[in-house]
Every structure is written in structure tokens, then in C-alpha cells.
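J.: Here's a structure for you.
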Amino acid sequence: MRVTTNSRVSAKVRSGNRGFSLLEVLISIVVVAIGLLGVAGLQIAAIKLADTAQTRTSGAALVSNITERIRSNSGKVASYALSYGVVPTATTTQAERDLAQWRANISDLPNGDASITVSADPACPALPSSSGYRSCSLVTVNVRWSETRHSRSSAAGQSAPVIFTATTRI
């Protein structure tokens, strides 16, 4: 037995289905494009956060670096006092050389600056001066930089600086 189909009915059914598959393809392209834009946005955010994390890690490492330099030259702790904006030029003593090298590294941070304050710790009894060490000095190291590339700026276009502070007893 042979089945015959009406050619007019088949033509009408086929012409209606042709446009439907094209519409499905266009919708799927739009959905994929929106998804790809979302992935691109996430990638940009990840790159910004990785750069911010790298800068903060560098700032923390610089604080640790100068703290260890001061600790290794603990007899001259007071010589390491430094104000914001001051660039040491003399390099005759170990403390001056340490500060000059450290300040050069601070300038690698975006708008990097630093200060070091040295004060006596009243909570700690001092060792006799014959020991050659000034005991119980509190050393506070402040490193600041700007994250204007990735942070939300204020109306004036400036962002608040990031300040990393560490205080240690030497």
C-alpha cells in the first residue's frame, strides 16, 4: 500500500517551519552574546582585583622589609625616623642607606609615600645603656599609596589613599 501526501499541505507546513528555526537561532545568539558579555565583565573585575591585591602585597612586604632592617640595626633605631615626603639623600650610615633604598622601593607604588615614627614604649623597662641597645622602642611604619586606577573616585576625581600601618616593639 502506497501512501500519498497532498503536496499543497506539505508546502504550507514546510514554509511555516522555516522561519521558526531561524528565530530560534537568533534568540540563541542573543542569549550567548549576553552570557559572553557577563564573562568579559567578570574577567575585567578579576584583573582589577588581582592588580589591587598585588599592590597591597607589595605595600605589606615593604613594611616588613624596613622593620627587619631596623631590627638588624637595633642600636640605631632612632636614626630610622622618617616623615612623609622626605627622600633621604645621605648614605653614610647603615640607617641612611637602608632608608634611601627603601624609599626608592616605595616610589614603585602608585603615588607611594611613607613615614616611620620611633618612640619609647613606657610599658617596657629599659635595659641598661651599657648593653648598647635602646630597648623597648615602638616603631610605627606607615606606607600609603593611591588606588585611583581601580577604586571608586570622589567627585573631585581623587580617591582616598590606602594606608598600611604596622607598629612593632624593637
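J.: Any residue in the stretch 41-59 that is within 23 Å of D113 (Cβ to Cβ) sitting within a Cβ distance under 8 Å of a residue that is at pLDDT 90 or above and assigned to a helix (DSSP H, G or I)? List the pairs, counting only those 6 or more apart or interchain.
T.: none
J.: Name the single residue, out of those in the stretch 75-109 being closer than 20 Å to T140 by Cβ, among the small types (G, A, S) and in contact with a helix residue (DSSP H, G or I) (Cβ under 7 Å, 6 or more places away or on another chain), that is surrounded by the most Cβ atoms within 10 Å (Cβ to Cβ).
T.: A95
J.: For the stretch 65-83, name all the residues that are out of contact with any Leu (no Cβ under 7 Å at 6 or more places or on another chain), touching a residue at least 40 places away in the same chain (Cβ under 8 Å) and under 18 Å from A104 (Cβ atoms). Can you show your working first?
T.: Narrowing the stretch 65-83 to residues out of contact with any Leu (no Cβ under 7 Å at 6 or more places or on another chain): 65-79, 81, 83.
Add one more test, that the residue is touching a residue at least 40 places away in the same chain (Cβ under 8 Å), and what stays is 65-67, 70-71, 74-75, 77-78.
Hits for the stretch 65-83 are N65, I66, T67, I70.
J.: Also, quick follow-up: Could you please give the count of residues in the stretch 117-158 that are modelled with pLDDT of 65 or more, surrounded by fewer than 16 Cβ atoms within 10 Å (Cβ to Cβ) and either of a type in the set (K, R) or under 30 Å from I47 (Cβ atoms) (or both)?
T.: 1
J.: Looking at the stretch 39-72 only, could you name the residues that are crowded, with 16+ Cβ neighbours inside 10 Å and more than 22 Å from the chain's Cα centre (by Cα)?
T.: Across the stretch 39-72, the qualifying residues are R69, I70.
The values are calculated or read from the model by the stated rules, or taken from the named source; none is laboratory data. Values in this document were obtained by computation on a predicted structure and should not be read as measured data. Using ideal geometry, Cβ is built from the backbone for each residue, glycine included, and neighbour counts are taken over all protein chains shown.
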